[in-house]
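See below for the structure under consideration.
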Amino acid sequence: SQTIHQWPATLVQPVGSPLSLECTVEGTSNPNLYWYRQAAGRGLQLLFYSVGIGQISSEVPQNLSASRPQDRQFILSSKKLLLSDSGFYLCAWRRRGDTEAFFGQGTRLTVV
Amino acid sequence: AQKITQTQPGMFVQEKEAVTLDCTYDTSDQSYGLFWYKQPSSGEMIFLIYQGSYDEQNATEGRYSLNFQKARKSANLVISASQLGDSAMYFCAMREGGRGSTLGRLYFGRGTQLTVWP
């Protein structure tokens, strides 16, 4: 069966510090991968998506970047965090040809 | 323009009653998919139900059913026989492109907080 792992679960980082959130998928190959952010009281905003290794597309301009160094690994990064980067970050995967996307447990990031 | 609109920030329902959560969408694609996800306080996103734009019958999954009205571009979620464990945030989402869509970006609404009381 397929599983998705996302870590850490919670993170408190000072303004200006770097960020690295990791997401890995098991039990499938060549998945579509997504990073979403959920601000307090808001819906999910798509940040990045990837259809293959090294292929990253950004939905909105921001202080963040993403990378896919391996087929089932998706990393969200920032060189210098802003207060506005606080939120709940969710990684998701989807097998092509399937309907639904499956989400990780999420990372609650607080920038102080 | 917002692709998914959920007009109900909060809904309350008594246990064992049915409740309808509203969702309207905006797309010019002929082929698309509509989804509902449940997000309990733990934060995880739980897939509930899917409706394809070409599906002629409304989707059902146990106590969940999707009232799909294509001409009105609405995809309301109906939860029958509500349970206390149904209390959560519910998100409507849309994927433009059909089932075989390579990319499959999901666009989410802002959610409806459902509270089930005994």
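The values are calculated or read from the model by the stated rules, or taken from the named source; none is laboratory data. The structure presented is a predicted model; accordingly, all values stated were derived computationally and were not measured. Every residue, glycine among them, receives a Cβ derived from its backbone with ideal geometry; neighbour counts consider all protein chains shown. These accessible areas exclude ligands, DNA and RNA; they are computed on the full protein's heavy atoms, side chains included. Shrake-Rupley method; radii C 1.70, N 1.55, O 1.52, S 1.80 Å.
Overview of values
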item: Theoretical gain in end-to-end length, A:S17 to A:Q70 [0.36 nm per residue, Cα-Cα removed]; result: 16.6 nm
item: Separation of the A:E59 and A:T110 label points, Cα + 7 Å toward Cβ, nm; result: 2.6 nm
item: If the convex hull is drawn through the Cα atoms of the protein assembly as shown, its volume per residue in Å³; result: 125 Å³
item: Contact surface A-B: accessible area buried, both sides summed, square angstrom, 1.4 angstrom probe; result: 1900 Å²
item: Carbon and sulfur %, accessible surface of chain B computed with the full protein complex present, 1.4 Å; result: 47 percent
item: Carbon and sulfur %, accessible surface of the stretch A:5-108 computed with the full protein complex present, 1.4 Å; result: 52 percent
item: Average projection area in nm² (convex hull over Cα atoms of chain A, one quarter of hull surface); result: 6.6 nm²
item: FRET efficiency, B:D29 to A:T10 (Cβ-Cβ, R0 41 Å, nearest 0.05); result: 0.65
item: Theoretical FRET efficiency, 1/(1+(r/R0)^6), r = Cβ-Cβ of B:T60 and B:E17, R0 22 Å, to 0.05; result: 0.75
item: Solvent-accessible area per residue, Å², over the protein assembly as shown with all protein chains present [probe radius 1.4 Å]; result: 46 Å²
item: FRET efficiency for A:E26 and B:S42, using Cβ-Cβ distance with R0 set to 22 Å, rounded to 0.05; result: 0.60
item: Those aspartates and glutamates that a straight Cα-Cα span of less than 19 Å connects to A:K80, excepting residues fewer than 8 apart in one chain; result: A:E22
item: Accessible area, probe 1.4 Å, largest first, for residues B:E17, A:E59, A:E100; result: B:E17, A:E59, A:E100
